[in-house]
Amino acid sequence: MAGAIAADAMMSATASGSGNHGKVGQTVTVKGQSRDVVAVSVTKIQDPLLAYGAPGGMRVIGVFFTVKNVGKVKYDDSPSAFLSTADGQISGGLITGGGPCNTPGDIKLTPGQIRTFCIPFNVGRASKLAFIQYNTDSGYGTPAVFAIR
């Protein structure tokens with residue numbers, strides 16, 4: 001059920017053509033549910049991420065995000081993201097207990113503050129990556145969507 005909701009959210013975000021789209025390496029500015037505003041970029045994709053084991057037929061990808069609070073209020077959120085492959089498979093971020101790609105439990109940024117972190121994903125071993133969606137305000141704000149070249 002959650003996968004279907006995520007797929008619907010990503011399809012509507014992709015189809016909207018609004019200013020919340022970019023490519024890996026670019027910065028996209030999006031608004032949260034209230035007055036918070038963040039500039040998000042995907043700075044690096046590590047493929048594969050060998051520090052973590054993957055189930056048979058899968059590989060772990062590490063996606064590095066940089067989030068800057070460009071608004072006037074504190075940004076307080078639990079980072080979440082989805083990765084989509086060219087064949088339509090959607091993967092939510094993995095929860096890890098440490099290592100080089102350890103999703104933070106939350107990020108709290110005062111205006112002007114920046115944080116870089118990594119979120120790992122499980123994808124099919126032969127799957128081609130299509131896009132990444134970073135969700136603000138636990139999915140209730142505007143998502144930042146990044147095409148993978």
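The values are calculated or read from the model by the stated rules, or taken from the named source; none is laboratory data. Since the structure is predicted, the reported quantities are computational estimates derived from the model, not experimental observations. Glycine gets a Cβ as well: all are built from the backbone with ideal geometry, and neighbour counts include every protein chain shown. What goes into the accessible areas is simple: the full protein's heavy atoms, side chains included, and nothing from ligands, DNA or RNA. Shrake-Rupley method; radii C 1.70, N 1.55, O 1.52, S 1.80 Å.
Miscellaneous remarks
- Only lysine pairs 8 or more places apart, or on different chains, with alpha-carbon atoms under 19 angstrom apart are counted in the chain, and they number 13.
- Of all beta bridges that DSSP places with both ends in the chain, some 95 percent have antiparallel geometry.
- Heavy-atom accessible surface of region 64-104, averaged per residue, reaches 48 Å², computed with a 1.4 Å probe.
- The angle between the Cα long axis of helix 2-16 and the main principal axis of the chain comes to about 60°, on a 0 to 90 degree scale.
- Under a Gaussian network description of the chain, with springs only between Cα atoms under 10 Å, the residue in Thr136, Thr96, Thr27 that fluctuates furthest is Thr96.
- Qualifying chymotrypsin sites (Phe, Trp or Tyr not before Pro) in region 79-149, where qualification requires a DSSP coil assignment and no more than 14 other C-beta atoms within 10 Å, comprise Tyr140.
- Relative packing of 44-56, 28-40, which averages over residues the other C-beta atoms within 10 Å, highest first: 28-40, 44-56
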